[in-house]
Amino acid sequence: MSAKSRRSKMHWYRMDLHLHTPGSSDYHETGVEYLDILHQTEIRGLDIVAFTDHNTVAGYGAMLDEINKLVYLEKLNRIQPSEKHKLDEYRRLLDKILVLPGFEFTATFGFHILGIFSPDAPLSQLEHILLSLNVPPEAMNEGSSVVGASSDVLTAYRLINQAGGIVIAAHANSSHGVAMRGFDFGGQTKIAYTQDPNLHALELTDLDRKGRHSTARFFDGTKPEYPRRMRCVQGSDAHQMTADPRNQKNLGIGDRATEVLLPERSFEELHKVFQGNDFARTRPYRLSHDPYDHIQTVREEGASIVQAFHESMTRRGGRLYAVIADVCALANTNGGTIYIGVSAKVKEAPVGVQNVTESIDMLRTEIESKITPPLDLEIDVLETQGKSVIRLQIPRGNDTPYAIDDNRIYVRDEAETNLAVRDEIVQIIMQNIILREQMPPPPAEPQPAVPVMVSADVQQPDAPKVEPPRTGVEVIGTEQRKGVKYHVMRDLRNGSIVKNVTRSSARRLWHYAISEKESSPVKPDKVDWRGDVGLWKRSKRGGTIRYDLVQRSNDELHVYYGVTDDGMHGPWQVFIEDE
């Protein structure tokens, strides 16, 4: 069966995986029955919901107890007409709506984590998980969000995942979220809390927001320190049936829902989606009639270190080879996605792919025959504006470096694919060795997401007090041999050092940095200084704003060329130009 046929047999289901019930001590309404919650769920058109009370499964358990008592009365033939009607309604609604048990765990420092499980999971097992996470029995009985000295975030991720649950960081960008702004904890801790392999998704409150300042954009895999792309979903966190008109933050059931593409409505299929890397199978539900177009959304994000676009894949003109080179480069760098049949220019109409099945077969054949070692990737078809677009999802390879025809090794440099130079190939191999040596057990303190490799024979400049930007390049040394200048470049994204770079051998950004350093050296009195960091130049090329930045450290000037918004952090963010 073709990828397009498989997708056509799937269906979009609407879900809200963050609902509270009277089982939570801070539920906002009185007199609400569990059947009332299911009726409101039906009214809002939801297909899948999860009861996620604070540190307890008492709400879900109370609903099951009520149903079991009604079933028992029915078996004894002692059920009253009103009770029979209630049982019939429960059966009708539970046949129509998948209701999942879960909880919202309060971890150390007050961070909230959702654990969502199969309806076949015994509630005693879920209670055992909460007890293992140091939730006091009295807090479980009350459904309280205050639990005292509970377990840490990473332990919660691991235990929920090992128990077969879906792990979601609740309202990650808001209060009690692991990625909220203004909370004073280390950057490496935040990286660990949002990149841990046991975490399946981030729940966000601004998922419909567009632009580079949205939380989802921050976790799309383009940030050097956050290389793992995270699935982002939204939930209502409803503590009442309907929204409070006096307080817009108090949402009702289904007010912030997510759609998920499944072959059937079941926890097993939902779990597969959250474990997988097909990010087009979840999307924010929109009340308008304008459907969510995943392809159009990624085009608005543009080409990046994890995303590439090709209008065609013909052999003529080298277009097919360009696609294969991107596959190789993404596997060697950070993984990513390639779209064929559409350009990155949002205003251009999609071209589409005509012979989809033949094109996919040709792609698989070419990739299998040209790229070594073998690479496990996914190829499927998406629709946009009535056109079929082929999508290739390339994982970050675990057996790097990958090569085309055994001898051409490509890497991804921001939105460009380039042949790797010698030092980069060495870096790839060394990183692979280090990653294998650093397999579990994990270190007690969170470590950087990407190992930083530095050539031992290159003298490093003194480390500045403020960490350099995380994208762009720095020219850290130059020597002249037989009339030719050879430069030492530092890639700010991963800290790697590349030596013996000349103007003729330099890729685009390196060439720009070398040219600027030689022809337009920095004049300190012309720099826009903010303390010891400053802006030298700002320019827009190819729709991307790039900055040349300067830093004073121990009477030295460090110049960082071609820095993008993704690399700006801390004091550097003052120079970001708003869209």
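When only the Cβ of Lys, Arg, Asp and Glu is charged (+1, +1, -1, -1), the dipole of the chain relative to its Cα centre reaches about 2040 debye.
DSSP finds beta bridges in region 3-292, and of those with both partners inside it, around 50 percent are antiparallel. Take every pair of alpha-carbon atoms less than 8 Å apart whose residues are at least six positions apart; their mean separation over the length of region 300-419 yields a relative contact order of 34 percent. Amide H contacts of C232 (H built 1.01 Å from N, in plane; Pro and chain starts excluded): L202 sit under 5 Å, all sequence-distant by 5 or more or on other chains. Cβ-to-Cβ counts within 10 Å put W12, W510 in ascending order as W12, W510, the fewest first.
With neighbour counts taken as other beta-carbon atoms within 10 Å, the residues L202, L262 rank, fewest first, as L262, L202. Within straight-line reach of K210, meaning a Cα separation under 29 Å, sit the following lysines at least 8 residues removed in sequence or on another chain: K4, K190, K223, K249, K272, K345, K347, K387, K537, K540.
Computed from Cα atoms, the angle from the helix 123-132 axis to the main principal axis of the chain rounds to 50 degrees. Straightening the chain between V146 and K249 buys 35.0 nm, computed as 0.36 nm per residue apart minus the Cα-Cα spacing. A helix-only calculation puts the chain at -8500 deg cm²/dmol for mean residue ellipticity at 222 nm, using -39500 (n - 2.57) for each DSSP H run of at least four residues, averaged over all residues.
Legend: calculated FRET efficiency, H11 to S515, from the Cβ-Cβ distance at R0 = 41 Å, rounded to 0.05, equals 0.15. The alpha-carbon positions of the chain define a convex hull whose volume is 185 Å³ per residue.
With R₀ fixed at 51 Å, the C-beta to C-beta distance from D36 to Q480 puts the FRET efficiency at about 0.05. Across region 348-359, coupling constants 3J(HN,Hα) worked out from phi with the 6.51/-1.76/1.60 Karplus curve, θ = phi - 60°, read 7, 5, x, 7, x, 10, 6, 8, 5, 4, 5, 5 Hz, and Gly and Pro carry x.
In this structure, the amide hydrogen of E378, modeled 1.01 Å from its nitrogen in the peptide plane, lies closer than 5 angstrom to those of Q393, counting only residues at least 5 positions away or on a different chain. Applied to region 260-274, the Karplus parametrisation 6.51 cos²θ - 1.76 cosθ + 1.60 on θ = phi - 60° returns per-residue 3J(HN,Hα) values of 9, 8, 9, x, 7, 8, 8, 5, 4, 6, 5, 4, 4, 4, 5 Hz, with x for Gly and Pro. Annotation for region 213-283: GluC sites (Glu not before Pro) lying in DSSP loop with at most 16 further Cβ atoms inside 10 Å of their Cβ are E264. Positive end of the charge dipole of region 300-419 (Lys, Arg +1 and Asp, Glu -1 on Cβ, about the Cα centre): tell me which of A331, N407, G317 has its Cα farthest that way. Checking the options against the dipole of region 300-419, the answer is G317.
As a proxy for reagent exposure, R92, R229, R316 were ordered by neighbouring Cβ count within 10 angstrom, fewest first; the result is R316, R92, R229. Between amide H atoms placed 1.01 Å from N, distances below 5 Å from S553 occur with H558, all of them 5 or more places distant or on a separate chain. By the scheme Lys and Arg +1, Asp and Glu -1, what is the net charge of all other residues having a beta-carbon under 9 Å from that of D532? Once all neighbours under 9 Å are counted, the net charge is +3.
Throughout, read-outs are computed from the coordinates displayed, never taken from laboratory work. What you see is a predicted model, and the numbers here were worked out from it, not measured in a lab. All Cβ positions, glycine included, derive from the backbone under ideal geometry; neighbour counts span all protein chains shown.
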